[in-house]
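Here's the structure, in structure tokens; my notes come after.
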Amino acid sequence: MDAAVRHSVPQRCIGWQAAHAAAGAAAAEAARLSAAVNIALVDPAGLLAAFVRMPGAPLHSVEIAIDKAYTAASFGLPTARWYAALEGHSPAGRDGLL
């Protein structure tokens, strides 16, 4: 098929087995740290692939976890790197995004 005729591009995507294993590993580490958290894993498009809500995790952070995972996927930037990425911007800009 001619490249100009293609309408889609194959993209790797996490399988349910790997998403389940990653969520379980994250929950195990959180338990080791005595933390109750919500864990969201998304595919490259930002669509939810796995979710774990540990007992006692804040109810309101369910959507926050999903939104953070979506944002990381859509920008291609892990949450931990946002501070460095915005370092050169104004305090108002940083505060509005962080």
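The values are calculated or read from the model by the stated rules, or taken from the named source; none is laboratory data. Nothing here was measured: the structure is a model prediction, and the numbers come from that model. Note that we place each Cβ from the backbone using ideal geometry, even for glycine, and neighbour counts take in every protein chain shown. Ligands, DNA and RNA are excluded from the accessible area calculation, which covers all protein heavy atoms including side chains. Shrake-Rupley method; radii C 1.70, N 1.55, O 1.52, S 1.80 Å.
Would a scan of region 81-89 turn up a residue that is of a type in the set (D, E, K, R) and closer than 23 Å to ALA27 by Cα? Break it down into steps so the answer makes sense when it comes.
Kept after step one, since they are of a type in the set (D, E, K, R), are these residues of region 81-89: 81, 87.
Next cut, closer than 23 Å to ALA27 by Cα only: 81.
Checked region 81-89: at least one residue is of a type in the set (D, E, K, R) and closer than 23 Å to ALA27 by Cα.
Here is a yes/no grid of residues against (1) under 22 Å from LEU59 (Cβ atoms); (2) open to solvent by less than 90 Å² (accessible area, probe 1.4 Å); (3) free of Cβ contacts under 8 Å to residues at least 40 places away in the same chain:
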residue: ALA22; (1), (2), (3): no, yes, yes
residue: ALA25; (1), (2), (3): no, yes, yes
residue: LEU33; (1), (2), (3): yes, no, yes
residue: ALA36; (1), (2), (3): yes, yes, yes
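Here is a list of conditions, (1) crowded, with 16+ Cβ neighbours inside 10 Å; (2) assigned to a helix (DSSP H, G or I); (3) over 13 Å from the mean Cα position of the chain (by Cα), and ALA57 meets all of them except one; can you say which number that is?
Among (1) crowded, with 16+ Cβ neighbours inside 10 Å; (2) assigned to a helix (DSSP H, G or I); (3) over 13 Å from the mean Cα position of the chain (by Cα), ALA57 violates only (2).
So which of ALA73, ALA45 is open to solvent by less than 40 Å² (accessible area, probe 1.4 Å) and touching a residue at least 24 places away in the same chain (Cβ under 8 Å)?
Checking each option against the conditions leaves just ALA73.
Mind checking which residues of region 60-70 are surrounded by fewer than 16 Cβ atoms within 10 Å (Cβ to Cβ) and either part of a helix (DSSP H, G or I) or within 10 Å of the chain's Cα centre (by Cα) (or both)?
Step one: of region 60-70, the residues surrounded by fewer than 16 Cβ atoms within 10 Å (Cβ to Cβ) are 60, 62-64, 67.
The answer is VAL62, GLU63, ILE64, ASP67.
So which residues in region 8-20 are of a type in the set (A, V, I, L, M, F, W, C), surrounded by 11 or more Cβ atoms within 10 Å (Cβ to Cβ) and in a helix (DSSP H, G or I), if there are any at all? Please lay out each step first, then the result.
Quick first cut of region 8-20, residues of a type in the set (A, V, I, L, M, F, W, C) only: 9, 13-14, 16, 18-19.
Those still in the list that are surrounded by 11 or more Cβ atoms within 10 Å (Cβ to Cβ) too: 13-14, 18-19.
Across region 8-20, the qualifying residues are ALA18, ALA19.
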